[in-house]
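To start, the structure itself, in structure tokens.
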């Protein structure tokens, strides 16, 4: 029996929506990214808002904001596995600065275990896509970080 990744993420990362996601008073870019995240939901946010690695609001988000949107990041990774491959961006967020990454540190053991298991699922079930998209090394590095849960 396969896991319902999205609903499991919604259960494990269930939390109140943060009032703000970025240091929105820092600059116009932070304010714009904050508004994008404030005005979206985990069910409606899409590649339109998150699909550009050079203009990705999640890069500016607090760890709490990343955890809030984790179900959406999982959904986008699964929905785009064969084409736009959002999973590559998710790996970037999950790797950050390794074991010192604020998302990793802020996650509880159940959340860390879920992310570790999701990465392993992608590595095992979608290895061909990882190779085609040139993310096999990143996936293994991120797996190692999150395996230290």
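Give, as residue ranges, the helices (runs of 4 or more DSSP H) completely inside segment 1-73 that count at least 2 residues that are closer than 23 Å to residue 118 by Cα and in contact (Cβ under 8 Å) with a residue 40 or more places away in the chain.
By residue number, 5-12.
Determine, yes or no, whether residue 125 is surrounded by fewer than 20 Cβ atoms within 10 Å (Cβ to Cβ) and either more than 17 Å from residue 12 (Cα to Cα) or modelled with pLDDT of 95 or more (or both).
Criteria met by residue 125.
Kindly evaluate residue 30 against the criterion of being modelled with pLDDT under 95, surrounded by 15 or more Cβ atoms within 10 Å (Cβ to Cβ) and within 12 Å of the chain's Cα centre (by Cα).
no
Out of all the residues in segment 85-127, which are free of Cβ contacts under 8 Å to residues at least 60 places away in the same chain and more than 15 Å from the chain's Cα centre (by Cα)?
Within segment 85-127, 99, 100, 108, 109, 123, 124, 125, 126, 127 qualify.
Working carefully through the options 120, 110, 95, 138, find the one that is closer than 18 Å to residue 69 by Cα and surrounded by 14 or more Cβ atoms within 10 Å (Cβ to Cβ).
Selected residue: 95, the only one of 120, 110, 95, 138 that is closer than 18 Å to residue 69 by Cα and surrounded by 14 or more Cβ atoms within 10 Å (Cβ to Cβ).
Listed residues 42, 105; which is modelled with pLDDT under 95, surrounded by fewer than 22 Cβ atoms within 10 Å (Cβ to Cβ), within 23 Å of residue 5 (Cα to Cα) and in contact with a helix residue (DSSP H, G or I) (Cβ under 8 Å, 6 or more places away or on another chain)?
105
Hey, residue 90 hits all of (1) more than 17 Å from residue 10 (Cβ to Cβ); (2) crowded, with 19+ Cβ neighbours inside 10 Å; (3) at pLDDT 95 or above but one; which does it fall short on?
(1)
The values are calculated or read from the model by the stated rules, or taken from the named source; none is laboratory data. Please read these numbers as outputs of a predicted model, since none were measured by experiment. Because the Cβ atoms are built from the backbone with ideal geometry, glycine has one as well, and the counts that use them run over all protein chains shown.
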